[in-house]
Every structure is written in C-alpha cells, then in structure tokens.
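Read the structure below first, then the notes.
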Amino acid sequence: MSLSPPSQVSSTSPLVLVVEDESGIASILDAYLRRDGLRTHLASDGLEALRLFRRLRPDIVLLDVLLPGMDGVDVLRAIRDDGPTPVIMVTALADDVDKLLGLRLGADDYVVKPFSPAEVVARVRAVLRRSGARRQATPIRVGRLEIDEQAHAAMVHFEGGRSVQLPLTLTEFRLLACLAEQPRRCFSRSYLIEHCLPESEALERVIDSHISKLRRKLQAAGQGELIEAVRGIGYRLWPGD
C-alpha cells in the first residue's frame, strides 16, 4: 500500500509518543503519523515510555499493552497519575475485559491488532480533536511577537497598530515557533535539531548558524534581545517584562 503525499510536519504539530516493542509495527505507525503532519517519538518498552513521557510531554500516547519490563496497563496508570494526557491503547487481545480495564483506568480509545495504520491515524486525530490538543489552531503570542502556524507568518506588533512580518526561512520559523511555545525554557541544540530539522542530519553547530540569522532578523524588527544563548546548553526565548 502506498502512502499519500506527506503533510507538513511543523514544530508546533501535535506530538505522538508511540510505545510499541515490535519495530516493524512501530516504523509503520511512525511513517503514517508523520505523513499526516504529526510529530512522533518512539519507545520500545514501558520504562523508556515513562521517561520519554515525562521529558517530552506529548500531546497523545499510542500505547501497546504487552511491553517488556513494564506493561502498558502500568504505564497507563502512571500517566493517569500525572494528568489527563490522551492515551490510545493498542493490543493483540480482543477480550472485552481488557478493553474495560483499560478504559476504566482512563484510556481514551482502544485499537486491536491487526489494524489499519490509516485507521489508527484517524483515531489519533479524533482523540486530539476531542481533547483540544491541537495547539497549532491558536497563534502563539509572546510580548510584541505573534506566530501564526496556520498562516506560516511571524509578526512583530508595535504601538499605533503598525506590524512587521519577519522574512523567515522554514527552519527559522520552526525554531522561533518552538522557542516561543514555551518562553523561558532552555532548549538544547540536540532537541532543536530533532524537533525543528527532523528530516536533516545537521550537526549542532548548524543550529547556531540558523539562530544567528534569526536573531539578526528579530533585531531588524526591534526584538534583538528576545533569544538568549545559554552557555553549554542551547537557547531560550526570554520576553521582556
């Protein structure tokens, strides 16, 4: 089965944590989700899934029930103890008891193997819509800066109603959106490469070059101090008071 042409995966697209120990299934799900414009991160066992969940804070978790080390039901319990992140359980067992157990613990949906990858993507999108986790629908605003992901435009607004659109490349736009999404958070260079240049094998120093160009464009719009370098780590967006 051939995949349809890919949608644009952006730094503000919803992030799906795919927890699946069968590498072939994980690769197929990863390909279909990314083709639909979603960001993904993969985990192959329960303990790794929890570590990534706590570090990445995904918008939704696609969680296999049968996992090595720590099974999916225990992972779901831990996720539910943390908060309301949507979870879709994936299992090879069609037993209704398993379904009810998962849903009683707070699973948002259930998918039984073998499944259609396209159907799984549709389920993910449906749960995201219900949970309100599609962050790209609302422009990001930080001080005078406004980033509209749908319009792919970054604007600086001034008093008196004047606005300036920043002439950003795709990579610069992704970096700015990523930083602005969580102001004051420090992002490592490796994180920025993974989330803003996912199709690239760029070295960390390439991020420095892109950030340097982005800062010059912000400076031309009177926002030159917005992005700060954190020595030995990476960058953060630090809005003025």
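The values are calculated or read from the model by the stated rules, or taken from the named source; none is laboratory data. What you are looking at is a predicted structure, and each value in this text was computed from that prediction instead of being measured. Cβ atoms come from the backbone with ideal geometry, glycine included; neighbour counts cover every protein chain shown. When the accessible area is computed, the model is the full protein with side chains, heavy atoms only, and any ligands, DNA or RNA have been set aside. Shrake-Rupley method; radii C 1.70, N 1.55, O 1.52, S 1.80 Å.
Worth a mention:
- Matching residues, the stretch 35-61, being in a helix (DSSP H, G or I) and under 15 Å from Ala122 (Cβ atoms): Arg35
- Of the criteria (1) surrounded by 15 or more Cβ atoms within 10 Å (Cβ to Cβ); (2) modelled with pLDDT of 90 or more; (3) over 20 Å from Val156 (Cβ atoms); (4) β-branched (Val, Ile, Thr), which one Ile193 fails: (2)
- Restricting attention to the stretch 96-113 and to residues that are modelled with pLDDT of 65 or more and of a type in the set (A, V, I, L, M), the residue that is nearest to the chain's Cα centre (by Cα) turns out to be Ala107.
- In the stretch 171-190, the qualifying residues are those that are over 21 Å from Ala151 (Cβ atoms) and of a type in the set (A, V, I, L, M, F, W, C), and the one that is surrounded by the most Cβ atoms within 10 Å (Cβ to Cβ) is Phe187.
- Exactly one residue out of Leu214, Leu145, Leu203, Leu168 is aliphatic (A, V, I, L, M), more than 19 Å from the chain's Cα centre (by Cα) and exposed (fewer than 14 other Cβ atoms within 10 Å of the Cβ), and it is Leu203.
- Scanning the stretch 40-67 for residues that are open to solvent by 10 Å² or more (accessible area, probe 1.4 Å), touching a helix residue (DSSP H, G or I) at 6+ places or on another chain (Cβ under 7 Å), within 22 Å of Cys178 (Cα to Cα) and touching a residue at least 40 places away in the same chain (Cβ under 8 Å) returns a single hit, Asp59.
- The sole residue among Val142, Val164, Val127, Val156 that is farther than 24 Å from Gly37 by Cα and in contact with a Pro (Cβ under 7 Å, 6 or more places away or on another chain) is Val142.
- Selection count, the stretch 202-237, where residues are of a type outside the set (Gly, Ala, Ser) and either touching a Lys or Arg at 6+ places or on another chain (Cβ under 6 Å) or in a strand (DSSP E or B) (or both): 8
- First in the stretch 145-156 and closer than 12 Å to Phe173 by Cα and of a type in the set (D, E, K, R), second anywhere and modelled with pLDDT of 90 or more and assigned to a strand (DSSP E or B), Cβ under 7 Å, 6 or more apart: Glu146/Met155; Glu146/His157
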